[in-house]
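Undergrad: Sending over a structure as structure tokens; questions will come in a sec.
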Amino acid sequence: RVTARRARPTAARGARSPLRVAAAASIAEIKGTGDLPAVKLTSADGCTATAYLFGGVVTSFTKPDGREVLYVRPDAVFDKSKPISGGLPHCWPQFGPGDIQVHGFARNVDWELTKKTEGSNPSVEMTLLPSDYTKAMWDKDFKVTQTITLGDGKLKATLKVTNPGEEAFTFTGSFHTYFAADIDEVAVTGLKGVKGTDRLKDEALTVAGALTMSGPVDSCYYDVPSVINLAVGGGESVAIESQGGWSDAVVWTPWTDMEACYKEFVCVENAACKEPVSVPAGGEWEASTILA
């Protein structure tokens with residue numbers, strides 16, 4: 001006699017799983033969703049992170065207690081037909097709309113895995129260089145690296161832009177980070193008194209206190225403090241620290257424009273969007289995001 005088994009319920013996005021015993025620190029090159037090349041890092045304290053070479057995007061960062069910090073949208077595709085929707089993707093060399101494709105090309109081209117550093121806090125470096133595809137829309141000579149370091153309960157992503165050419169170039173950019181969250185419990189703090197722009201209303205704003213979500217939000221905040229705190233619900237929070245050239249921040253929720261998933265995430269981004277960054281010939285620019 002065949003007995004039907006009840007299906008196990010699927011864990012909610014961002015939910016805790018049982019406390020893991022920390023495994024040995026490691027770096028593993030793997031095949032991810034869609035058989036796309038990816039790399040998985042495990043730190044000595046039990047954090048994990050997964051990054052795809054397509055787009056150089058980190059799609060997962062879990063804490064030692066198993067909580068997923070990042071969010072990948074249910075409509076994300078892993079076939080290179082478009083950028084992977086979620087995680088910690090790049091907007092580079094253009095934030096938002098402009099002369100080239102929206103949010104630039106860094107998030108929808110292949111990066112190369114150029115360095116692996118083993119240890120209790122492992123790290124990997126991915127590199128992006130010009131191609132015929134990038135030159136067709138942005139004819140600059142550049143080298144961009146992203147270094148992902150994991151450990152001590154934190155994920156650090158460092159973006160380094162080098163100009164090996166003979167002329168200066170400018171860019172805008174961000175880490176368009178998707179955080180797993182209950183949108184009704186989201187609160188962004190640390191921005192009180194900061195000035196910015198409401199991109200939906202096209203008007204200036206000044207932050208009066210904690211930012212909560214009750215409708216669509218797409219706002220840029222300028223010259224922000226180095227640490228922004230994000231309450232994601234269930235008593236959990238994420239500290240978002242910026243170092244180096246990230247001077248601005250962006251908060252975005254599509255609200256019901258993404259009816260299927262808007263209640264499950266919010267984007268809080270470190271950015272350089274107020275004024276274009278100029279990198280002189282032979283110069284470089286660097287910025288880091290640290291999630292804790």
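Undergrad: With segment 63-151 as the region, which strands (runs of 3 or more DSSP E) entirely inside it contain at least 2 residues that are modelled with pLDDT of 95 or more and open to solvent by 70 Å² or more (accessible area, probe 1.4 Å)?
TA: Numbers: elements: 112-117, 123-128, 143-151.
Result: 112-117.
Undergrad: Select from segment 53-73 the residues that are of a type outside the set (Asp, Glu) and in contact with a Gly (Cβ under 6 Å, 6 or more places away or on another chain) and list them in ascending order.
TA: Keep residues of segment 53-73 that are of a type outside the set (Asp, Glu), which gives 53-64, 66-67, 69-73.
Answer for segment 53-73, where residues must be of a type outside the set (Asp, Glu) and in contact with a Gly (Cβ under 6 Å, 6 or more places away or on another chain): Val57, Val58, Thr59, Pro64, Leu70, Tyr71, Val72, Arg73.
Undergrad: Now for a different question. So which residues in segment 118-153 are of a type in the set (Ser, Thr, Tyr) and free of Cβ contacts under 8 Å to residues at least 60 places away in the same chain? Walk me through how you get there before you give the answer.
TA: Taking segment 118-153 first, the residues of a type in the set (Ser, Thr, Tyr) are 120, 123, 127, 131, 133-134, 145, 147, 149.
Matches in segment 118-153: Thr127, Ser131, Tyr133, Thr134, Thr145, Thr147, Thr149.
Undergrad: Any chance you could count how many residues in segment 79-101 are more than 19 Å from Val124 (Cβ to Cβ) and more than 11 Å from the chain's Cα centre (by Cα)?
TA: Step one: of segment 79-101, the residues more than 19 Å from Val124 (Cβ to Cβ) are 79-83, 85-86, 91, 93-101.
Filter again for more than 11 Å from the chain's Cα centre (by Cα), leaving 79-83, 93-101.
Summing the residues that are more than 19 Å from Val124 (Cβ to Cβ) and more than 11 Å from the chain's Cα centre (by Cα) in segment 79-101 gives 14.
Undergrad: Under 8 Å between Cβ atoms, at least 6 apart or on separate chains: pull out the pairs that start in segment 224-244 with a residue that is of a type in the set (S, T, N, Q) and end on any residue that is part of a loop (DSSP other than H, G, I, E, B).
TA: Matching pairs, first to second residue: Asn229/Gly190; Ser242/Val224; Ser242/Ser226; Gln243/Ser226.
Undergrad: How about segment 26-52: which of its residues are in contact (Cβ under 8 Å) with a residue 24 or more places away in the chain, over 17 Å from Leu155 (Cα atoms), open to solvent by 30 Å² or more (accessible area, probe 1.4 Å) and not in a helix (DSSP H, G or I)? Break it down into steps so the answer makes sense when it comes.
TA: Start the filter on segment 26-52 by keeping residues that are in contact (Cβ under 8 Å) with a residue 24 or more places away in the chain, which leaves 26-27, 29, 32-34, 36-37, 39, 41-49, 51-52.
Filter once more, so that each one left must be over 17 Å from Leu155 (Cα atoms): 29, 32-34, 36-37.
Okay, now just the ones that are also open to solvent by 30 Å² or more (accessible area, probe 1.4 Å), so 29, 33-34, 37.
Matches in segment 26-52: Glu29, Pro37.
Undergrad: Test each condition in (1) within 16 Å of the chain's Cα centre (by Cα); (2) surrounded by 19 or more Cβ atoms within 10 Å (Cβ to Cβ); (3) within 30 Å of Asp141 (Cα to Cα) for Val251 and report the one that comes out false.
TA: The single condition Val251 does not satisfy is (3).
Undergrad: Something else: Among the listed residues Ser288, Ser247, Ser214, identify the single one that is in contact with a Ser or Thr (Cβ under 8 Å, 6 or more places away or on another chain) and not aliphatic (A, V, I, L, M). Quick ask: steps written out before the conclusion?
TA: Values: Ser247 fails: in contact with a Ser or Thr (Cβ under 8 Å, 6 or more places away or on another chain); Ser214 fails: in contact with a Ser or Thr (Cβ under 8 Å, 6 or more places away or on another chain).
One residue alone meets the criteria, Ser288.
Undergrad: Which residue, of Ser214, Ser219, is touching a Gly at 6+ places or on another chain (Cβ under 7 Å) and more than 23 Å from Lys154 (Cβ to Cβ)?
TA: Working: Ser214 fails: touching a Gly at 6+ places or on another chain (Cβ under 7 Å).
Within the list Ser214, Ser219, the selection yields Ser219.
Undergrad: Right, Thr289: among the hydroxyl-bearing types (Ser, Thr, Tyr) and more than 22 Å from Val207 (Cβ to Cβ) or not?
TA: Details: among the hydroxyl-bearing types (Ser, Thr, Tyr): yes; more than 22 Å from Val207 (Cβ to Cβ): no.
No.
Undergrad: If we scan segment 192-215, do we find a residue that is acidic (Asp, Glu), over 18 Å from the mean Cα position of the chain (by Cα) and buried (at least 16 other Cβ atoms within 10 Å of the Cβ)?
TA: As a first pass, look at segment 192-215 and keep what is acidic (Asp, Glu): 198, 202-203.
Narrowing further to those that are over 18 Å from the mean Cα position of the chain (by Cα): 198, 202-203.
With buried (at least 16 other Cβ atoms within 10 Å of the Cβ) added as a condition, the list becomes none.
Among the residues of segment 192-215, not one is acidic (Asp, Glu), over 18 Å from the mean Cα position of the chain (by Cα) and buried (at least 16 other Cβ atoms within 10 Å of the Cβ), which makes the answer no.
Undergrad: May I ask you to say which residue of Lys154, Lys115 is more than 30 Å from Gly234 (Cβ to Cβ) and either small (Gly, Ala, Ser) or within 21 Å of the chain's Cα centre (by Cα) (or both)?
TA: Values: Lys154 fails: more than 30 Å from Gly234 (Cβ to Cβ).
After applying the criteria, what remains is Lys115.
The values are calculated or read from the model by the stated rules, or taken from the named source; none is laboratory data. Being a predicted model, the structure only gives us computed values, none of them experimental. All Cβ positions, even for glycine, are placed from backbone atoms using ideal geometry, and neighbour counts span all protein chains on display. Accessible surface is based on the protein model in full, side chains and every heavy atom, while ligands, DNA and RNA are left aside. Shrake-Rupley method; radii C 1.70, N 1.55, O 1.52, S 1.80 Å.
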